């Protein structure tokens with residue numbers, strides 16, 4: 001059963017003025033558009049088709065706000081890097097995401113979704129830079145871990161941890177086998193509780 005039985009979609013935003021009220025706590029999820037972002041969200045929330053999955057990467061073209069429970073939200077940022085969109089749209093996405101990071105006082109953490117079989121891309125570095133500029137804690141999910149043999153997966157994890165250093169925490173994850181779901185869900189709860197009681 002989902003830890004968030006009342007979780008639901010709130011709205012999509014294409015401009016800062018369309019963002020939901022900046023109160024409570026929220027965690028953003030970002031990632032290259034073929035890294036399995038929507039599948040990861042569905043597993044963490046434990047709700048099938050909560051975030052729509054698609055065979056066509058890059059279908060998340062707006063900032064999507066989801067309510068998890070009272071005053072707690074998950075925010076799905078536009079998939080990037082693989083989507084076939086115009087340069088004008090890419091520029092709009094970058095500006096919108098930058099504005100999102102800079103303006104949201106309720107933002108508590110970032111999940112960065114990365115395919116374990118790929119190197120860290122310029123897009124991933126850009127997201128990490130956005131987070132670092134506002135001192136936002138970041139947790140990396142190395143998705144599709146089931147696609148690698150155990151030794152290869154362990155090596156990839158060590159390499160990413162070495163490359164990122166103190167910038168982010170990192171874990172294995174597979175939406176298919178549900179590897180790492182408890183760790184990811186615990187990290188979500190940890191992020192959402194940041195600032196409680198202050």
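See the values below:
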read-out	value
Whole-Å semi-axes of the range 83-198's equivalent ellipsoid (Cα gyration tensor)	25, 20, 13
√(5λ) per eigenvalue of the Cα gyration tensor, the range 8-193, largest first, Å	24, 18, 17
The range 1-43 residues near the modelled residue 194 label - backbone nitrogen below 15 Å, point 7 Å along Cα→Cβ	24-30
Sequence-separation-based contact order of the range 134-198, relative, with Cα cut under 8 Å and 6+ spacing, percent	38
Chain lengthening between residue 163 and residue 9 when straightened (0.36 nm per residue, less Cα-Cα)	52.0 nm
Estimated inter-spin distance, residue 86 and residue 152, nm [label 7 Å along Cα→Cβ]	4.0
Relative contact order (%) - criterion: Cα under 8 Å, at least six apart; region: the chain	24
Label-reachable residues, the range 19-41, where backbone N falls under 18 Å from a point 7 Å from residue 118's Cα toward its Cβ	29-41
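Throughout, read-outs are computed from the coordinates displayed, never taken from laboratory work. Predicted model, so just to flag it, every value in this text is computed and none were measured. As a convention, Cβ positions derive from the backbone with ideal geometry for all residues, glycine included, and neighbour counts pool all protein chains shown.
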